[in-house]
Amino acid sequence: MSVTVPKYYYNDNKRSFAYSTARSRWPKILDGAIGDISNLIRKQSKNEDNDSAYLEQAKVIESQLIDMKDELLSNKELSKFNNSEIPGLDFYDKQIEEYKKYLLVDNEEEKLSWLNSAWLFSETYFYRRIDVIVKNQDLFEDYDIFENLKQDTFKSSHFGVEELAIHYKQLHYEFLDKFEKQKASGEKIEEKVLELLFDEFAEISLWGNATDLSLLTNATLKDIQSVQGKEARKKSEEYILINELDRAWKALYHGGKNGDGKKRVDFILDNSGFEVYTDLVFSLFLLDSKIADEIVLHCKPRPWMVSDVTKKDFFLTIEDLLDKDGSFFGERVVHKEELKFVGEQIQKYYERKQIILKDNEFWTLNSGYWDISGKKENKELYDYLLESSLIIFKGDLNYRKLTDDRVWDRSVDFSVAIQDLAWSKLKMLSLRTCKADVVAGLPKGKDEELCKYWESLGNEVGELWCSSGKWAVMSFSDGKQQQ
Ligand SMILES: O=P(O)(O)OC[C@@]1(O)O[C@H](CO)[C@@H](O)[C@@H]1O
Ligand SMILES: [Mg+2]
Ligand SMILES: [Mn+2]
């Protein structure tokens, strides 16, 4: 069935979340980055034997970020990246070419500006521009301008972190025990029990996504903590608009092993801090229960969308949980042993190579994911993902990229909105709290109902229920749709 592909969401549309994102969230995110580098400059300047070259470079970053903010606020044209801006970093070239192509080809008539552009494009441009400004200074090549923010927020998630650690440890012992006994008696573990636990950990990982840092600009920490507890999760179940976990379960549990004789689950990760912690606990369950033999965590190759996980953040998360000198969670948590247990479990599986880390440029391109199966530069990644029993796409940005951030009718099938991915043979589960405009697969009439409801709460634009982060979807595709 061929369907007309709708246009992109644009950030000059007042009825789109893109409008306030570009005008209010982006400047705030830049303020945070400028604040981070200003602090560093202040500290360094106080230090008698400071490294003057480092200090100078920090000042360049600070002033270029300030310029970038001015450009954004005055709605300047998006400037092209310049290859010479980034000497020696050839991994950038491909993306720079992509941006050039886009700016030249798609935009022959009108010039793209910060506040008049396709949302997904200018947002990826925004983060790429910050990254280039930082990496242009060679002493800052490995510097993560969002790291302090990510770490501080994880610290303030201690309530949810502790609760989940206790829960996991209990289940772990209950299950290991049971498994051992059942193994001894040759008995099979009841599928229903495993599936219930799968649902539980998947839901925990879903709501872990409700708390990404770029939303911190309009949510208080209290708001965020309130969605991290068990009670809150129960209450939130009615907010899950689509739940296709049963299809994902069948694909994973009843599907075959891959060419290496393994069942592999891939996570296309989203945010650091509480979210990745929930993904890791989900991973531990999958490995403990032997539902999966291997977990692959796909990280971002650079700091991205404020809070997204890079490989380095994975190791920091383990360190935070082990909290060896007590300086991270410290007295904030009582059940230190439980946290340590989770940290050690993650480390154990990592050392056994049952948790594997990967990153790929593909995840930080400006484009959506439809061409993963079609373009030869993506072939290696695509072939790798074909070997997965289940690919779990975490979060909002991944969902936007699966659907290409287009203005789909909200009741169109998920399989329509993901286009080529629907027949790509990839088995995909998207766990996403809705924090942007695009959504697909809702029952007929549901969007209208929610728009009315959202307006009845005093909100001006009904459609924006979908970017409030209150609702969520768990959508699945087996990749076997007829083309
Ligand atoms: O992908 P995530 O972390 O769930 O969300 C990313 C996000 O906060 O950033 C974008 C807007 O700035 C939106 O897609 C979404 O609201
Ligand atoms: Mg994110
Ligand atoms: Mn189920």
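The values are calculated or read from the model by the stated rules, or taken from the named source; none is laboratory data. A quick note: this is a predicted structure, and the numbers were derived from the prediction, not measured. Every residue, glycine as well, gets a Cβ built from its backbone with ideal geometry; the counts of neighbours run over all protein chains shown.
Checking S327 against (1) under 23 Å from N148 (Cβ atoms); (2) buried (at least 17 other Cβ atoms within 10 Å of the Cβ); (3) among the polar types (S, T, N, Q), which test does it fail?
(2)
Within the range 373-393, work out how many residues are out of contact with any Ser or Thr (no Cβ under 7 Å at 6 or more places or on another chain) and not in a loop (DSSP other than H, G, I, E, B).
Number of matching residues: 13.
Quick check on the range 302-353: of everything there that is assigned to a helix (DSSP H, G or I) and of a type in the set (S, T, N, Q), which residue is farthest from ligand 3 (Cβ to nearest atom)?
Among those residues, the one meeting the criterion is Q347.
Report yes if F154 is modelled with pLDDT of 90 or more, assigned to a helix (DSSP H, G or I) and within 16 Å of ligand 2 (Cβ to nearest atom), otherwise no.
yes
Report every pair of residues separated by at least 6 positions or lying on different chains whose Cβ atoms are under 7 Å apart, first residue within the range 193-213 and within 16 Å of ligand 2 (Cβ to nearest atom), second modelled with pLDDT under 90 and in a helix (DSSP H, G or I).
Short answer, once both residue conditions are applied: W207/R233; W207/S236; T211/I224.
Identify, please: which residue in the range 261-305 is over 24 Å from E191 (Cβ atoms) and among the acidic types (D, E) and is, among those, nearest to ligand 2 (Cβ to nearest atom)?
D270
Which residues, counting only those in the range 392-421, are hydrophobic (A, V, I, L, M, F, W, C) and without any contact (Cβ under 8 Å) to a residue 60 or more places away in the chain?
L402, A417, I418, L421
How many of the residues in the range 379-412 are crowded, with 17+ Cβ neighbours inside 10 Å and closer than 23 Å to W119 by Cβ?
Adding up the residues that qualify gives 16.
Only residues that are closer than 16 Å to T124 by Cβ, touching a residue at least 24 places away in the same chain (Cβ under 8 Å) and surrounded by 18 or more Cβ atoms within 10 Å (Cβ to Cβ): list them for the range 352-365, please.
Once the filter is applied, which keeps residues that are closer than 16 Å to T124 by Cβ, touching a residue at least 24 places away in the same chain (Cβ under 8 Å) and surrounded by 18 or more Cβ atoms within 10 Å (Cβ to Cβ), the range 352-365 yields W363, T364, L365.
Restricting attention to the range 410-431, does a residue exist that is of a type in the set (K, R), over 30 Å from I291 (Cβ atoms) and not in a loop (DSSP other than H, G, I, E, B)?
no
In the range 36-65, which residues are loosely packed, with under 14 Cβ neighbours inside 10 Å and either assigned to a helix (DSSP H, G or I) or among the hydrophobic types (A, V, I, L, M, F, W, C) (or both)?
N39, R42, K43, S45, K46, S52, A53, E56, S63
Quick one: in the range 422-476, which of the residues that are hydroxyl-bearing (S, T, Y) and free of Cβ contacts under 8 Å to residues at least 40 places away in the same chain is farthest from D270 (Cα to Cα)?
Among them, the one singled out is S456.
Are any residues in the range 354-372 under 19 Å from N271 (Cα atoms) and in a loop (DSSP other than H, G, I, E, B), and if so, which ones?
Those that are under 19 Å from N271 (Cα atoms) and in a loop (DSSP other than H, G, I, E, B): N360, L365, N366, G368, Y369.
Those residues that are at pLDDT below 85 and of a type in the set (V, I, T), I need them from the range 171-227; list them, please.
Within the range 171-227, I189, V193, T211, T217, T220, I224, V227 meet the criteria.
Mind listing just one residue for me: the one in the range 80-94 that is surrounded by 13 or more Cβ atoms within 10 Å (Cβ to Cβ) and over 27 Å from the mean Cα position of the chain (by Cα) and, of those, modelled with the highest pLDDT?
Only one residue fits best here, namely N83.
Scan the range 283-300 and tell me whether some residue there is at pLDDT below 90, within 16 Å of ligand 1 (Cβ to nearest atom) and either over 30 Å from D447 (Cβ atoms) or not basic (K, R) (or both).
Within the range 283-300, not a single residue is at pLDDT below 90, within 16 Å of ligand 1 (Cβ to nearest atom) and either over 30 Å from D447 (Cβ atoms) or not basic (K, R) (or both).
Quick one: V3 ticks every box in (1) modelled with pLDDT of 95 or more; (2) outside any helix (DSSP H, G or I) bar one, so which box is it?
Of the numbered conditions (1) modelled with pLDDT of 95 or more; (2) outside any helix (DSSP H, G or I), the odd one out for V3 is (1).
Counting only residues that are of a type in the set (A, V, I, L, M) and out of contact with any Phe, Trp or Tyr (no Cβ under 7 Å at 6 or more places or on another chain), which one in the range 53-74 is nearest to Y143 (Cα to Cα)?
Of everything passing the filter in the range 53-74, A58 is nearest to Y143 (Cα to Cα).
Could you list all residues from the range 425-463 that are closer than 20 Å to R406 by Cβ and of a type in the set (K, R)?
Of everything in the range 425-463, those that are closer than 20 Å to R406 by Cβ and of a type in the set (K, R) turn out to be R432, K435, K444, K446.
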